[in-house]
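The next block holds one structure in the form of structure tokens; read it before the comments.
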């Protein structure tokens, strides 16, 4: 294959600040059998049709973006560009253009996440698992994740909450039969069996997110409806919730009835629980 000019599309691969760093790196060509898969790859599913389209595009126009790798002993490990790598292998191309980065495990996963998220290649469940892996393995806070990935902390929290859904609902989100917004709406229901019934309603009747929200509202017990209709929440409690959510980097809900009440603090894994309890005990993040 003719070696074409590379680098034009790097801004689509990773953020500008990383592109600036890559400008100092050299593009080299390595044998395909020297490159191994990334164990931190957040994507679980690779769409066959999409991969075939990419393969045809590379066949016709060549590859305009190098693959990002890191050195691991006597071979190279993929950081970003697995779809391109697979397509090149399908075309039986032996020499592959790469940029070699000296990064650790955490940076490797972050860069892989950035590429997939910017290209919208990850489904919401894959994103949630990748976030959780970073939180558990590297003690990264949701706030830090948001900074790295260019997302709000609330967005990170809402994505992580999807992991609380039953496995079959998560699978339907991964397959694309229901959306992230459907899953988020179902989180308002605590009863797992009720969530499963709603899933069947969505699939059987093709419910939109708005229709699902209306159905949940209609099925809500009368006592809950009365509480919802009783008026606006205390601004002081709302502000306090936001402050606690910022400090703990997770969802917090405060309920009060007269002088008594309770505080609900959500966690999404054993590691997340230990991180939050450490903060509550006066430890570090």
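Among the residues making up the range 55-86, those that are free of Cβ contacts under 8 Å to residues at least 40 places away in the same chain, surrounded by 17 or more Cβ atoms within 10 Å (Cβ to Cβ) and assigned to a helix (DSSP H, G or I) are 55, 58, 83, 84. Annotation note: of 95, 110, the sole residue that is at pLDDT 85 or above and either in contact with a strand residue (DSSP E or B) (Cβ under 9 Å, 6 or more places away or on another chain) or under 15 Å from residue 38 (Cα atoms) (or both) is 95. Which of the residues that make up the range 25-51 are touching a helix residue (DSSP H, G or I) at 6+ places or on another chain (Cβ under 8 Å) and modelled with pLDDT of 75 or more? If the condition is that a residue be touching a helix residue (DSSP H, G or I) at 6+ places or on another chain (Cβ under 8 Å) and modelled with pLDDT of 75 or more, then 32, 35, 37, 38, 51 are the ones that fit.
List pairs: first residue in the range 87-104 and assigned to a loop (DSSP other than H, G, I, E, B), second residue buried (at least 22 other Cβ atoms within 10 Å of the Cβ) anywhere in the structure, Cβ distance under 8 angstrom, at least six positions apart or on different chains. Every condition considered, the pairs that remain are 101/68; 101/69; 101/79; 101/111; 103/79; 103/111. Remark: residue 8 matches the filter, which requires a residue to be over 13 Å from residue 97 (Cα atoms) and modelled with pLDDT under 80. Comparison of 245, 284 shows that the only residue that is at pLDDT below 80 and in a helix (DSSP H, G or I) is 245.
The values are calculated or read from the model by the stated rules, or taken from the named source; none is laboratory data. Model, not experiment: these values are computed from the prediction. No Cβ is skipped: glycine too gets one built from the backbone with ideal geometry, and neighbour counts run over all protein chains shown.
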